[in-house]
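The values are calculated or read from the model by the stated rules, or taken from the named source; none is laboratory data. On a predicted model such as this, the values are computed, not experimentally measured, just so you know. Here the Cβ positions follow ideal geometry from the backbone for every residue, glycine too, while neighbour counts run over all protein chains shown.
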Amino acid sequence: MILERKMQINLPDLRQQFGDFHNNLKIEGLGDPRRFILEFAEFIQVYNSAMKGINTKLEVLDDEFHIRNSHNPIHHLECRIKGIKSIADKMERYGAPLTLDSVREHILDIAGVRVICNYIDDIYVMEKLLLQQADITLIKRKDYIEHPKENGYRSLHLVVKIPVFLSDKTEYVPVEIQMRTIAMDYWASLEHTLRYKNDKNDMMEYSAMLLDCANILANTEKTMQQIRISIEK
C-alpha cells in the first residue's frame, strides 16, 4: 500500500509557492522568475519519476517475497517530494545559490520514500533485495537501528541513484529511502509532532521520557520478532 502525500506538479501551485516566499529570499542570478518556475517543474518531474520507480521496485519485491514466503515484509510505503520553499530554505542554510545545478549538487533528498516494515529483520531483507538490483547505485547509508541517535531515533537511511529514462536522455537521480518498523515510525512521527508543537523550546525536559519510550518500543519489537521466529520454525 502506498500512501502518497500531495506531490502532483502543476504550474499554478508552483507560482503560488514561489510567490509566497520570493520577496523574502536573497536569490542571486535567478533571472526570469517565470522561466525558473517552468524549468523547476521539469526538474521536479524527473525526481517524481525516480521516486515512483523506487516505489514500483519495492512493491514488486514485496509481492514476490509474499508468494515465496507467505509473508509481506512491507506494511506500507509513504512518499513525498520536497516543495520549492523547503528546497530554497535548505539551499539558504547551505549558503548556496538557488539554481537547478546547485540544487542538484547539494540536495539528495528531494525525492523521499519511507518504507514501513513489519519486523526489524524485514528492513535488512528489503535493503539487500533492493541494492542487489543492477540499476540501483548506493550513494549513502546510515544505520540508526544498529546505532540509534541519542534521542532514541531509529531508522535505516539510504540514498540511492536510479536511472530515469526520458524522451531524449537518461538521468541518474538520487532518492532518499528511510526504512523503519511500525513502532519506529510511531515513535518518530509523534516525537516530531511533539517537538514542533512545543513553542516553549523546553524539549530537554521530556527527552529522558522520550528516550525511555524509544527503548521500550525497541525491546518490544525484539520480543515480537523472537515470537514470530519461534512460531515459524
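Quick notes on this one:
- Restricting region 94-111 to residues that are of a type outside the set (A, V, I, L, M) and modelled with pLDDT under 90, the residue that is nearest to ASN48 (Cα to Cα) is THR99.
- Scope region 90-124; condition assigned to a helix (DSSP H, G or I) and surrounded by fewer than 19 Cβ atoms within 10 Å (Cβ to Cβ); matching residues: LYS90, GLU92, ARG93, TYR94, LEU100, ASP101, SER102, ARG104, GLU105, HIS106, ASP121, TYR124
- Applying the set (1) at positive phi; (2) touching a Cys at 6+ places or on another chain (Cβ under 6 Å) to SER70 leaves exactly one unmet item: (2).
- Lone unmet requirement of (1) under 21 Å from ASN48 (Cβ atoms); (2) buried (at least 18 other Cβ atoms within 10 Å of the Cβ); (3) aromatic (Phe, Trp, Tyr) for TRP187: (1)
- Residue ranges of strands (runs of 3 or more DSSP E) in region 125-233 with at least 2 members on the phi < 0 side of the Ramachandran plot and among the acidic types (Asp, Glu): 170-181
- Just one of the listed residues (ASP101, ASP109, ASP122) is over 14 Å from the mean Cα position of the chain (by Cα) and farther than 21 Å from LEU217 by Cβ, namely ASP101.
- If the condition is being in contact (Cβ under 8 Å) with a residue 24 or more places away in the chain, more than 25 Å from ARG228 (Cα to Cα) and either in a helix (DSSP H, G or I) or of a type outside the set (Val, Ile, Thr) (or both), then region 53-84 contributes GLY53, ILE54, ASN55, LYS57, GLU78, CYS79, ARG80, LYS82, GLY83, ILE84.
- Of the listed requirements (1) farther than 19 Å from VAL173 by Cβ; (2) in contact with a helix residue (DSSP H, G or I) (Cβ under 9 Å, 6 or more places away or on another chain), ASP63 misses just one: (2).
- ALA134, sole failed condition from (1) hydrophobic (A, V, I, L, M, F, W, C); (2) surrounded by 14 or more Cβ atoms within 10 Å (Cβ to Cβ); (3) under 30 Å from VAL103 (Cα atoms): (2)
- In the set VAL164, VAL173, only one residue is within 27 Å of PHE65 (Cβ to Cβ), surrounded by 13 or more Cβ atoms within 10 Å (Cβ to Cβ) and touching a Lys or Arg at 6+ places or on another chain (Cβ under 7 Å); that residue is VAL173.
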